[in-house]
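Comments concern the structure below.
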Amino acid sequence: MKFFTYVIISLLCLSINAQDPILQKSNETLEEVAQRITKSYDDYIALDGNQFILFRKKVEEFLIREERIHAQFTGKEKLDELAKLRAAETLEMRNILTQPQLTVYKKVKPEIQPLAVIEER
């Protein structure tokens, strides 16, 4: 009976972990970009080992979402969606960073991850 219970619990845990389609569709280039961005933030906010990993995964998750926005939207609608996404990213970083780190993160985020770059001709 215990064996059967353990098997059921194990299967449930596996199915719960496999539910996030955003994290499943990662590609290597986004991993590299997330690593580079995380290192840039680390220079300012001094992430510890565990925070570094969580922060990098969260950045990668939002890069995937950002890529979808770039593919689906254009113009003002695209900028609006990107602004919403960046706000959501900042909110989720509250779960990873300490309050002093979060304050610095908010200050340097526009420099490290600008919403959009406008090129002048």
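The values are calculated or read from the model by the stated rules, or taken from the named source; none is laboratory data. Not measured: the values here are computed from a predicted model. Cβ coordinates were reconstructed from backbone atoms using ideal geometry, including for glycine residues, and neighbour counts include every protein chain displayed. These accessible areas exclude ligands, DNA and RNA; they are computed on the full protein's heavy atoms, side chains included. Shrake-Rupley method; radii C 1.70, N 1.55, O 1.52, S 1.80 Å.
Here are the numbers for this structure:
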quantity: Peptide ranges 94-103, 38-47, 67-76 listed from the most packed, as the mean C-beta count within 10 angstrom indicates; calculated: 38-47, 94-103, 67-76
quantity: Sulfur and carbon atoms: percent of accessible area, the range 39-103 [1.4 Å]; calculated: 52 percent
quantity: Computed E for residue 79/residue 111 - FRET, C-beta separation, R0 25 angstrom, nearest 0.05; calculated: 0.85
quantity: Sites residue 43 and residue 90, calculated FRET efficiency, Cβ-Cβ separation with R0 22 Å, nearest 0.05; calculated: 0.75
quantity: Signed unit charges on C-beta, dipole axis of the range 48-112, positive-most listed residue 93, 103, 70; calculated: 103
quantity: From phi via Karplus (6.51, -1.76, 1.60), per-residue ³J(HN,Hα) for the range 93-102 in Hz, x at Gly/Pro; calculated: 5, 4, 7, 9, 9, 6, 4, x, 5, 5
quantity: Accessible area (Å², per residue) of the range 56-112, counting only protein heavy atoms and a probe of 1.4 Å; calculated: 59 Å²
quantity: The range 30-39 - phi-based ³J(HN,Hα) in whole Hz, Karplus 6.51/-1.76/1.60, Gly and Pro as x; calculated: 5, 4, 5, 5, 4, 5, 5, 5, 4, 5
